[in-house]
Amino acid sequence: MNPVDPPQDRPAPAISAPAVPAAPRTADLGTPPHTSAPSVPQSSQVGRLAATVERLRQEALEAQEASDGRALIEMAKGILVERLGCGPGEASRHITKLAEQSNTTILALSVDIINQAARDHVSETARQFLDTADAEPAAPRDPSAAMRLRTAESGMLAATDSQAVATALLENALSALGANGVAIWAVAADSSITLVGQDGFTPEDAGRWRYVPPEVATCARLALNSRELTIVDCLSSSDIPTIGRRQHPDGGRIMVPAGTGGRILGVLEVSWPDPLPAQPPHLLRQLETLAELCSHTLEEQTPASASRTPRLAGVPELTDLADHLHDPVLILIPSLDSTGRLSDFRIHHTNQRFVDPAGRPRSMVTGTHFLEAYPAAAQDNGLFSKLERVYATGEPLQAPRTTLTAYVDEVPLTSVADVSISRHGTALLLIWRIEDETARLASLLQHAQRLGRVGGFEQNVATGETSWNDQLFTLFGLPVTASPVPLEEIAAHAHPHDVNSLGRFLRTLLYRLRESSVDFRLKRPDGITRHIRMVAEPVLDDHGRLYSVRGACQDISAQHWTEVALAATRDQLADSEAESADRSQLALQLQQAIMPPAPDALEVPGIRIAVRYRPAESESLVGGDWYDSVVLPNNKILISVGDIAGHGIQAATGMVILRNALRGLAVTGAGPAQLLSWLNSVAYHLTSNLTATAVCAIYDPQTRRLTWARAGHLPPSWSGGPMPTPSPSPRADSSSEHCPR
């Protein structure tokens, strides 16, 4: 079918009461309704035959259109007969007179009468479409929208199967919207979809898409999963397979779920030959109305091909099935509101194994609404939303570890269950398996043993039977099918150096009947040696005699090697600390040998020298501080104080170098400034990266003069009189100042 132009605003042919006129054919909008056959040469037999076929086809179409229009007109007459209390003839004349006065056709007037009387989705959609067109000046006003919808409804009601419904939809409504194809899909209980009606597609495509297995992604599946109208603007850009894709690879699709009472029965898929622009809201509402009309046909017609899985006949059979299941089962019947929408589920039946999370008996739960019994299920993404989805789509759902909450005296009681939901006809089968606390703790223990690399065992002393869990086989490097190793034979699998320890362990356990533990090296069959810690306890009978031994083995290889590494690190650290202490002691001894902490006072005529040394850092006594006083050969006295940067052996040896060098240089009789200049050369050329500060003074007892100089050091403090001035120049010999007594 070729694409057609949008509908035009043109009046339909006038229809008189006695003769029922033909309604305008919306599939051929834009062309006169009575198009003559194309001109062909009369001399050609083929041409005459083609003209005859075309004439007969036009007559058949006109007859069909007249039939659709006649049904609507007769329905309007019936409404007038009921409302006005008149006869059929008077109602026919009344319609004709009203049509002439309103300057419209009898068919359009009949549709208006039906819409005013029905007040259903068709009339509501048509009214919303007209209101939207009035509110949007740019939107074309199409008063024939209601006529198209009513004509499509009439054709669908007259159709005998879904194939005829698809044809009626395309011819009477969808082709006027520019559509070139329509497909009606029915949803089965296993979530598969079946093509039950189509028009506008080739028979080859229809045969190829007759059945789509569950979970196969198609355009219809998009609307089924989302449960709302879905638009695919362009098939080539979305790369979604569907019927008719080969004919129009760039076409657009609109899919609308078709269902009643909250239950989705199928999908209406409409095809356009070109990419779809943004669609106005009123057009989408028309498609939703057509899908709702289509859902009534799907509900009444259930072809055999629409379901590939067997269904239960009814609720009694489902109840009998639930009573034979070994899990707690609830059978839920949908509860609809006044508008036909799903509002809740009624608990129709609970089997003998049903256990209520709140501890209520079955009689208090059966017959109530689901949300009344379990109001917490209405939470977002709760159990009720899962029930709604299964009821709408028919696709079974498995929900492990679902929280079930029931309120007793306003106190929430919560339990965890594995939930299974399936739809059978209109009923839901809800199975929940409440998690057993014992099984949960056993599973938790297994995971703890796996994470801790712990294996358990038990040995019957009387029979010698030994039981291991799977983790212990893994620790010993043995397959699960191997025989467990008895306690008496474990020494054969251990390192020879650990045999005595295992012997003491067994004697304490078997003869002293006390709990015992032992660490040993296990030699596995694969050649790997593992460090194992075994802990066991005796199990006594009623008479106090040994009955069995149970215990556990843990792989402590990682802990053992960690302890070995820590021990090696501690040994290395102890060696480093001892070496550091030796170096500090050596430096301290060197410093004290050269500069005792409390040296004897220097007694010379005219002066007395005393020393008091206090290091700046009490934790690092070995530094580079030095001081000296010596009587020179010319009977003058050298007094010096210095500091070497840093601490330790290097600072102590540097102090020795500079102190002794200054003593040797002072024998020359040079002044303090010259001595410091020479000492700077010594520090620069005869030491390795040595930095120091110093202050030097020479005192002459005869003249009582003190000459001093400094190099980066703090100046000397003075008391008892004016301070002597330093040498004016580094190269000056000295400057003499008279010192006070």
In segment 397-419, what residues are touching a residue at least 40 places away in the same chain (Cβ under 8 Å) and touching a helix residue (DSSP H, G or I) at 6+ places or on another chain (Cβ under 9 Å)? 404, 405, 406, 407, 414
If we keep just the residues of segment 669-686 that are in contact with a helix residue (DSSP H, G or I) (Cβ under 6 Å, 6 or more places away or on another chain) and open to solvent by 20 Å² or more (accessible area, probe 1.4 Å), which is modelled with the lowest pLDDT? 682
Quick check on residue 388: is it of a type outside the set (Phe, Trp, Tyr), closer than 24 Å to residue 316 by Cα and in a loop (DSSP other than H, G, I, E, B)? no
Hey, any hits in segment 595-608 for a residue that's at pLDDT below 75, open to solvent by less than 40 Å² (accessible area, probe 1.4 Å), farther than 30 Å from residue 519 by Cα and out of contact with any Asp or Glu (no Cβ under 9 Å at 6 or more places or on another chain)? yes
Taking segment 314-354 and keeping only residues that are within 20 Å of residue 386 (Cβ to Cβ), open to solvent by 30 Å² or more (accessible area, probe 1.4 Å) and in a loop (DSSP other than H, G, I, E, B), one is left with 325, 327, 341
Can you confirm whether residue 395 is acidic (Asp, Glu) and closer than 30 Å to residue 266 by Cα? yes
In segment 298-313, is there at least one residue being part of a helix (DSSP H, G or I), of a type in the set (S, T, N, Q) and modelled with pLDDT under 85? yes
Give me the pairs, please: first residue somewhere in segment 624-635 and more than 19 Å from residue 691 (Cα to Cα), second residue anywhere and part of a strand (DSSP E or B) and open to solvent by less than 40 Å² (accessible area, probe 1.4 Å), beta-carbon distance under 7 Å, and either six or more positions apart or on two chains. 629/609; 629/637; 629/638; 630/638; 631/604; 631/637; 632/638
Could you grab me the full set of residues in segment 484-523 that are out of contact with any strand residue (DSSP E or B) (no Cβ under 8 Å at 6 or more places or on another chain) and either hydroxyl-bearing (Ser, Thr, Tyr) or assigned to a loop (DSSP other than H, G, I, E, B) (or both)? 511, 512
Name the one entry in 417, 358, 406 that is in contact with a Phe, Trp or Tyr (Cβ under 9 Å, 6 or more places away or on another chain), assigned to a loop (DSSP other than H, G, I, E, B), modelled with pLDDT under 85 and over 30 Å from residue 258 (Cβ atoms). 358
Has segment 367-377 got any residue that is at pLDDT 85 or above, under 20 Å from residue 331 (Cβ atoms), under 24 Å from the mean Cα position of the chain (by Cα) and open to solvent by less than 80 Å² (accessible area, probe 1.4 Å)? yes
If I ask for residues that are assigned to a loop (DSSP other than H, G, I, E, B), free of Cβ contacts under 8 Å to residues at least 60 places away in the same chain and over 21 Å from residue 276 (Cβ atoms), which ones from segment 175-212 would you list? 202
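Each row is one residue, and each column tells you yes or no for (1) of a type outside the set (Ser, Thr, Tyr); (2) assigned to a loop (DSSP other than H, G, I, E, B); (3) surrounded by 17 or more Cβ atoms within 10 Å (Cβ to Cβ); (4) modelled with pLDDT of 90 or more.
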position: 215; (1), (2), (3), (4): yes, yes, no, no
position: 223; (1), (2), (3), (4): yes, no, yes, no
position: 228; (1), (2), (3), (4): yes, yes, no, no
position: 236; (1), (2), (3), (4): no, no, no, no
position: 240; (1), (2), (3), (4): yes, yes, no, no
position: 243; (1), (2), (3), (4): yes, yes, yes, yes
position: 247; (1), (2), (3), (4): yes, yes, no, no
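Every residue, every condition in (1) more than 22 Å from residue 585 (Cα to Cα); (2) in contact with a Phe, Trp or Tyr (Cβ under 8 Å, 6 or more places away or on another chain); (3) at pLDDT 80 or above; (4) not aromatic (Phe, Trp, Tyr), yes or no:
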{"residue": "617", "(1), (2), (3), (4)": "no, no, no, yes"}
{"residue": "626", "(1), (2), (3), (4)": "no, no, yes, no"}
{"residue": "631", "(1), (2), (3), (4)": "yes, no, yes, yes"}
{"residue": "689", "(1), (2), (3), (4)": "yes, no, no, yes"}
List the number of the failed condition for residue 658; all other conditions in (1) closer than 15 Å to residue 626 by Cβ; (2) part of a helix (DSSP H, G or I); (3) at pLDDT 90 or above hold. (3)
If you check 732, 645, 697, 709, which single one turns out to be out of contact with any Lys or Arg (no Cβ under 8 Å at 6 or more places or on another chain), at pLDDT below 90 and open to solvent by less than 40 Å² (accessible area, probe 1.4 Å)? 732
Residue 516 surrounded by 16 or more Cβ atoms within 10 Å (Cβ to Cβ) and modelled with pLDDT of 85 or more: yes
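The values are calculated or read from the model by the stated rules, or taken from the named source; none is laboratory data. Just so you know, these numbers come straight off a predicted model, no measurement behind them. Note that each Cβ is placed from the backbone with ideal geometry, even for glycine, and that neighbours are counted across all protein chains shown. Ligands, DNA and RNA are excluded from the accessible area calculation, which covers all protein heavy atoms including side chains. Shrake-Rupley method; radii C 1.70, N 1.55, O 1.52, S 1.80 Å.
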